[in-house]
Amino acid sequence: MTGKGKEIVRIDNLHKRYGELEVLKGLDLSVTRGEVVVVVGPSGTGKSTLLRCINLLTVPDSGQVWVDGVEVTAAKTNINRVRANIGMVFQDFNLFSHLTALQNVAIGLRKVKGMPAGRANERAMEELTRVGLANKARSYPSQLSGGQKQRVAIARALAMNPKVMLFDEPTSALDPELIGEVLDVMKRLAHEGITMLVVTHEMGFAKEVSNRLIFMEGGVIVEDGPPDRVFFRPQHSRTRQFLRKISELYGKDEGSADIDE
Amino acid sequence: MEGYIAVFRSIPYIFSGVKTTLLLTAAGLAFGALLGLPLALVRVYAGGLWAFVVNLYIQTIRSLPLLVIIFLFYYGIAQALNLPEFLAAALALAVRSSAYQAELFRGAIQSIAQGQMLAARSLGMTRLEAVGYIIVPQAIRVSIPSWSNEAAIVLKDSSLAYAVGVLELMRHTEYVSARTGEPFVSFMVAGAIYFAITFATNRSLDAAERRLRIPSQAEV
Amino acid sequence: MSDVPAGTVDYLIFILPTLLKGAVVTIKLSTTAFTIGLALGLPLAMIRVYGRGFIRWTAVAYIEALRGTPLLVQLFVIYYGLPDLVPALQLDRYTAAFLALGLNSAAYQAEYFRGAIQSINEGQLQAALSVGMTPFQAVRHIVIPQALRLSLPALSNEVAYMLKYTSIVFIIAVPDLMARGKILIGKHWRAEEVLTAVAVIYIVLVNTAAKAMGFIEDRYRIPGLQTDRPG
């Protein structure tokens with residue numbers, strides 16, 4: 001399931017440094033439509049930075065990024081329009097505190113896509129139903145559990161009909177018993193054919209629904225292949241070490257919470 | 001140009017008003033604290049009627065402009081007892097500050113975790129001892145930023161003593177302004193002096209707070 | 001003055017209309033000053049938080065200067081000082097009063113808004129951008145609505161402050177409540193009664209305003225967000 005389809009994300013020679021520390025050292029990546037790519041690796045290896053360079057929330061020092069044929073990193077690109085085509089889900093949810101769940105999902109439609117309020121609310125309701133939270137439409141973020149907040153965040157991103165969904169450690173801030181509901185939504189999206197790029201520690205998710213498992217360390221991609229191969233026959237010892245540690249901590253299919261990142 | 005020089009030469013005279021201003025401020029703050037802390041303690045720890053009366057006092061004072069309080073003391077007490085207007089102003093500042101400091105200390109006291117009181121009592125301390133040895137020392141440290149704010153307010157409010165003829169900074173500046181015919185420069189100078197004093201006061205209180213701070217994990 | 005009633009109650013009734021006229025002026029002054037403060041303070045806060053370089057420095061200087069000096073000094077600079085600087089700027093006492101009070105309020109309100117803006121976590125801004133909003137849209141739809149609501153307790157305080165501090169305008173002979181009280185004292189020499197009446201009216205004004213602000217706070221509070229009332 002690789003190669004033949006349309007290339008949705010393309011990254012060429014991406015570099016980013018923070019002061020002394022170089023977090024991305026000439027990274028290349030290509031993601032085709034419908035792929036579900038999971039990125040794992042030790043903290044500080046630039047996984048989040050990678051995601052944020054794709055929608056330019058972080059500006060890379062050098063290198064190029066294309067999303068659906070548009071060069072994101074080009075100077076004359078209208079970044080806001082590009083971002084409307086990319087969905088991002090944050091570790092800390094980042095829901096708008098003063099808006100209800102429905103309003104959170106609808107605001108992008110209304111203010112960025114210029115949809116009239118009635119239609120926007122309808123679309124928003126569709127997405128909320130899709131993540132199983134139609135009954136919480138009128139609730140405020142502070143009234144929702146962590147898992148519910150994250151699902152609303154996913155609905156908010158999905159409502160914009162993005163070409164690709166970026167997930168930045170979506171379950172790392174959740175209590176153990178709430179992780180499942182979020183992963184279920186994400187698995188369903190994967191089955192529906194949404195192109196996803198997910199940074200996570202949830203190995204169960206990776207093994208179940210991803211097409212590709214990428215191991216990142218030291219600012220470069222060390223290993224990249226189908227999850228079964230990377231997991232059971234990794235080509236690099238570092239990969240093997242890291243994955244063994246993860247399995248020790250989390251077990252094969254459990255989705256338990258991170259200790260620290 | 002001669003006007004400017006005249007103002008420059010009058011700066012010592014403007015400055016002699018600073019002494020009175022500082023005296024007013026110190027009196028207001030000191031008596032405000034002396035009264036405010038007990039009031040806060042009553043508000044937090046005493047029951048029913050006492051707390052109610054104290055609260056009534058605080059809410060009433062906080063609803064009044066300082067000028068009204070100044071005039072109440074000036075016409076009411078100072079004239080009757082033939083006291084200098086300085087005293088009327090100082091008393092007014094003290095009364096006003098006592099109400100605000102009471103609220104300030106109340107907030108600080110209530111922010112000290114319940115557990116502290118429980119621990120103290122479990123050692124056998126009486127309520128009074130617990131308050132005196134455990135709660136108040138911590139509350140004072142916690143309240144320094146707000147108190148610093150209050151100090152700045154009292155300093156600026158001391159300028160209202162002008163209204164009853166106290167010879168503080170504003171009054172002196174006005175004289176200079178009239179004599180030199182340079183109101184703009186004169187009052188800007190006065191403003192600068194107030195600003196400098198406020199700045200210095202904030203700085204020293206910040207330093208005091210740092211020295212008194214209870215070291216946290218990070219600082220060891 | 002033979003037509004001035006002798007008894008306390010009669011006297012109070014006698015002076016009430018005059019004092020109430022002054023109260024109206026007080027209310028007008030404080031609402032105008034508060035509004036000027038709001039209109040100026042919010043942009044100032046934004047410059048303070050989002051601005052750079054010289055323009056941000058100017059905003060900071062303005063805020064620090066107006067908060068670090070007495071209101072009376074500012075009033076005198078505007079009323080007596082400006083015409084000295086530029087003869088054309090001889091403002092009438094009312095305009096001077098509005099201006100001084102409004103500019104002063106703007107500086108304090110800017111600080112309240114700044115606190116509120118900075119308490120909105122950065123992640124929400126990032127989320128807004130990630131959905132495709134321009135920075136301007138993000139500020140307009142996400143930051144400002146929350147900042148205004150988070151500032152409500154502080155603004156509540158500011159309204160009360162304004163009502164009280166307008167009393168200084170009596171010094172430049174603007175006929176507010178304080179001024180009329182002072183005039184009556186000068187005329188009839190019955191300070192205790194006049195001052196008591198003045199005090200009561202101020203108490204009523206301040207507490208009514210507080211109640212009204214309380215209703216507004218309750219109506220617009222963001223559910224679940226704790227807001228602190230500044231001392």
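The values are calculated or read from the model by the stated rules, or taken from the named source; none is laboratory data. No experiment lies behind these values; they were computed from the predicted model shown. Cβ sites come from the backbone with ideal geometry, for glycine too, and all protein chains shown count toward neighbours. Note: accessible area is taken over every heavy atom of the protein model, side chains too, but ligands, DNA and RNA are not part of it. Shrake-Rupley method; radii C 1.70, N 1.55, O 1.52, S 1.80 Å.
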Testing A:Asn135 on (1) at pLDDT 95 or above; (2) within 13 Å of chain C (Cβ to nearest Cβ); (3) surrounded by fewer than 24 Cβ atoms within 10 Å (Cβ to Cβ), one condition comes back false. Which one is that? (2)
Looking at C:Ser156, C:Ser151, C:Ser105, can you tell me which residue is touching a helix residue (DSSP H, G or I) at 6+ places or on another chain (Cβ under 8 Å), of a type in the set (Gly, Ala, Ser) and within 14 Å of chain A (Cβ to nearest Cβ)? C:Ser151
Determine, yes or no, whether C:Arg114 is more than 7 Å from chain A (Cβ to nearest Cβ), crowded, with 18+ Cβ neighbours inside 10 Å and closer than 19 Å to C:Leu40 by Cβ. yes
Breaking point among (1) farther than 25 Å from A:Ile11 by Cβ; (2) surrounded by fewer than 21 Cβ atoms within 10 Å (Cβ to Cβ); (3) touching a residue at least 12 places away in the same chain (Cβ under 8 Å), for A:Val182: (2)
Starting from residues that are in a helix (DSSP H, G or I) and in contact with a Phe, Trp or Tyr (Cβ under 8 Å, 6 or more places away or on another chain), keep the ones in the range B:112-139 and report whichever is farthest from B:Leu37 (Cα to Cα). B:Ala120
Scan C:Val194, C:Val169 and give me the residue that is modelled with pLDDT of 95 or more and of a type in the set (A, V, I, L, M). C:Val169
Condition check: outside any helix (DSSP H, G or I), over 26 Å from the mean Cα position of the chain (by Cα) and without any contact (Cβ under 8 Å) to a residue 40 or more places away in the chain. Does C:Gly186 satisfy that? no
Determine whether C:Ile171 is touching a residue at least 24 places away in the same chain (Cβ under 8 Å), in a helix (DSSP H, G or I) and not charged (D, E, K, R). yes
Listed residues A:Ser172, A:Ser142; which is within 14 Å of chain C (Cβ to nearest Cβ), farther than 17 Å from A:Gly108 by Cα, open to solvent by 40 Å² or more (accessible area, probe 1.4 Å) and touching a residue at least 12 places away in the same chain (Cβ under 8 Å)? A:Ser142
Kindly indicate whether any position in the range C:122-135 is surrounded by fewer than 22 Cβ atoms within 10 Å (Cβ to Cβ) and outside any helix (DSSP H, G or I). yes
Residue that is nearest to the chain's Cα centre (by Cα), among those in the range C:189-200 that are assigned to a helix (DSSP H, G or I) and more than 7 Å from every other protein chain (Cβ to nearest Cβ): C:Val200
Single match in C:Tyr80, C:Tyr94 (criterion: away from every other protein chain (no Cβ under 11 Å), of a type in the set (Ser, Thr, Tyr) and open to solvent by 20 Å² or more (accessible area, probe 1.4 Å)): C:Tyr94
What is the residue count in the range B:166-175 for residues that are among the aliphatic types (A, V, I, L, M), open to solvent by 20 Å² or more (accessible area, probe 1.4 Å) and either within 9 Å of chain C (Cβ to nearest Cβ) or under 30 Å from B:Leu212 (Cβ atoms) (or both)? 0
Out of B:Ala196, B:Ala200, B:Ala190, B:Ala178, I need the residue that is farther than 23 Å from B:Ala30 by Cβ and open to solvent by 50 Å² or more (accessible area, probe 1.4 Å). Which one? B:Ala178
Looking at C:Ile168, C:Ile144, C:Ile183, C:Ile172, can you tell me which residue is out of contact with any strand residue (DSSP E or B) (no Cβ under 6 Å at 6 or more places or on another chain) and within 14 Å of chain A (Cβ to nearest Cβ)? C:Ile144
Exactly one of A:Val9, A:Val38 is under 19 Å from A:Gly218 (Cα atoms), of a type in the set (A, V, I, L, M) and open to solvent by less than 10 Å² (accessible area, probe 1.4 Å), and that one is A:Val38
Given the conditions (1) more than 23 Å from A:Val39 (Cα to Cα); (2) open to solvent by 10 Å² or more (accessible area, probe 1.4 Å), and given that A:Met160 satisfies all but one, which numbered condition is not satisfied? (2)
Out of C:Glu158, C:Glu193, report the one residue that is open to solvent by 10 Å² or more (accessible area, probe 1.4 Å) and either more than 21 Å from C:Ala97 (Cα to Cα) or in contact (Cβ under 8 Å) with a residue 40 or more places away in the chain (or both). C:Glu193
Flag if B:Met188 is out of contact with any Ser or Thr (no Cβ under 9 Å at 6 or more places or on another chain), assigned to a helix (DSSP H, G or I) and within 14 Å of another protein chain (Cβ to nearest Cβ): yes
Can you name every residue in the range B:61-72 that is more than 7 Å from chain C (Cβ to nearest Cβ) and open to solvent by less than 40 Å² (accessible area, probe 1.4 Å)? B:Ile61, B:Leu66, B:Ile69, B:Ile70
Tally, over the range B:128-165, of residues that are open to solvent by 20 Å² or more (accessible area, probe 1.4 Å) and more than 9 Å from chain C (Cβ to nearest Cβ): 16
Report yes if some residue within the range A:55-63 is closer than 30 Å to C:Ser119 by Cβ and either in contact with a Pro (Cβ under 7 Å, 6 or more places away or on another chain) or crowded, with 23+ Cβ neighbours inside 10 Å (or both); otherwise report no. yes
Only one residue in B:Val7, B:Val53 is of a type in the set (A, V, I, L, M, F, W, C) and open to solvent by 50 Å² or more (accessible area, probe 1.4 Å). Which one? B:Val53
C:Phe54 is checked against (1) more than 9 Å from chain B (Cβ to nearest Cβ); (2) surrounded by 22 or more Cβ atoms within 10 Å (Cβ to Cβ); (3) aromatic (Phe, Trp, Tyr) and fails just one. What number does that condition carry? (2)
Within the range C:125-150, track down each residue that is in contact (Cβ under 8 Å) with a residue 24 or more places away in the chain and more than 14 Å from C:Met46 (Cα to Cα). C:Arg149, C:Leu150
Return the residue satisfying two criteria in turn: it lies in the range B:79-107 and is within 11 Å of chain C (Cβ to nearest Cβ) and out of contact with any Gly (no Cβ under 8 Å at 6 or more places or on another chain), and of such residues it is most open to solvent (accessible area, probe 1.4 Å). B:Gln79
Does at least one position in the range C:57-66 carry a residue that is within 30 Å of C:Ile183 (Cα to Cα), β-branched (Val, Ile, Thr) and in contact with a helix residue (DSSP H, G or I) (Cβ under 6 Å, 6 or more places away or on another chain)? no
